[in-house]
1. Quick check, is Met121 modelled with pLDDT under 85 and out of contact with any strand residue (DSSP E or B) (no Cβ under 9 Å at 6 or more places or on another chain)?
2. Which of the residues belonging to the range 420-433 are in a helix (DSSP H, G or I) and either over 17 Å from Ala321 (Cα atoms) or without any contact (Cβ under 8 Å) to a residue 40 or more places away in the chain (or both)?
3. Of all the residues that make up the range 1-48, how many are under 22 Å from Met121 (Cβ atoms) and in a helix (DSSP H, G or I)?
Amino acid sequence: MIKTIRRPNLFSLYDRSGIVRYLKKMAARGWLLCDMHPFVWKFRRTEPRALEFSVIYDRKGDDYDFRASDRQKGMVEMGEEAGWNLTAATSTMQVFWTDDPDTVPMQTDPVSELDSISAIMRRTIRYEIIILAILVGMRLLQAGTYMRVILIDMLTDSSFVSGYAALLLLIVAAAAEWIMYFAWRRKAERAAQTGGFVDTPPTRVITIFLIVLVAAFLISQIAPFLKDYPKVTLAILIPTVVTLGAMSAAMALAVRILKNKGFSPTKNRLITAGAGFVVGVVLIYVFVSISGTLALPTEPEDYSLDLPVEVSIDGIPGAPAGSYKTTQKHKATFIAESHIVEQDATDGSGSAPYMHYRITEIKTGLFRNSIIMKAMNQFSSGRSVTENASLWGADRALQATVYSGTRSNYMLVYGNYILDIDFSWKPTAEQKAHIGQIMQSIVSGQ
């Protein structure tokens, strides 16, 4: 028979009403809370009972301060005298239970409770804002790098687009939670003036939404690398998770030992950080030493895409004859989709003929013209001249230039398609017309 179970903590820190309702429901099923961590709660099996619960907040609670434990011991003694039993606690919260519904409430001062919750939530919201600001800053730096390179790369990068979407939703959800908290606090302040308590708003749905968004954000960043570089990604991801887990365990153990020894909060923080740092350095050294003996690939491990090649160098009239190797890559988001093809002569010499191209479909009509204009402006910023679009059957055309003249690199627009194509030779009018016919058939869906 299972004696203990663990459940995720799906409540905002200040949601005492939601926490009490959930704990009463679990107690009625025969599970009593016995341990609390920031993300997971532990329950032990007991007889199903109708219990009352009370959540008490400690505004000065500090994981590194042994004096917080002394204050909590005093609260436990007061609770036991009134008939309340401590079931679990963290540095900022204590949870008590009683089987007597007529027991005097643990918390009788709404002003004191509100002050404690406000102090704790100020710290919590401050940390959340710092984390979100760091994530936004990293995203903006990545966007700036992309914007200086190729817009199409950014729009077809599933990691980039999905990461931005998840981050935006994460900010909206966090803001919604903050708004709910401040709206509740305003009501609670008015009620506290007359000695009344106000139930906290339900936060479980928003918390679940936030967890899902965080998971989506992390997956969106890891999945593309796992797809293209599975061995390298796992060789980095697994040691990282193991190292972070070991560092967290070492720091948690150090905090507990130092608190029991009576170390001051400052010394506790410094020694704990040092313990985590040492464990991290040792494990990183071990994993780096192990990885040095592994032959890890540095290129994508699977180019075996079985996609139709829209434009083949073998099918272009008058193209250089020879044997060619074709590699392909497909990138897609809900905004744009690209098919990248590189055809190179198999002799591998620097002067060997080649043809590289990227066909991109702009899938959203809302910003189609803006995206096309931005892509052409980026192409132009690398020095280009206007090409005769009619030779290609295109709507618009540009040709890249160098100081010594033009290059055989073109950007062509066909409706909502962009073709960026680069030749090792100067294409003839017949070859341009041939490629234009292929693109026209793609646009028309034939």
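1. Values: modelled with pLDDT under 85: no; out of contact with any strand residue (DSSP E or B) (no Cβ under 9 Å at 6 or more places or on another chain): yes.
Answer is no for this residue.
2. From the range 420-433, those in a helix (DSSP H, G or I) are 429-433; that's our starting set.
Hits for the range 420-433 are Ala429, Lys432, Ala433.
3. Adding up the residues that qualify gives 8.
The values are calculated or read from the model by the stated rules, or taken from the named source; none is laboratory data. Because the structure is a prediction, the values reported are computed rather than measured. Note that each Cβ is placed from the backbone with ideal geometry, even for glycine, and that neighbours are counted across all protein chains shown.
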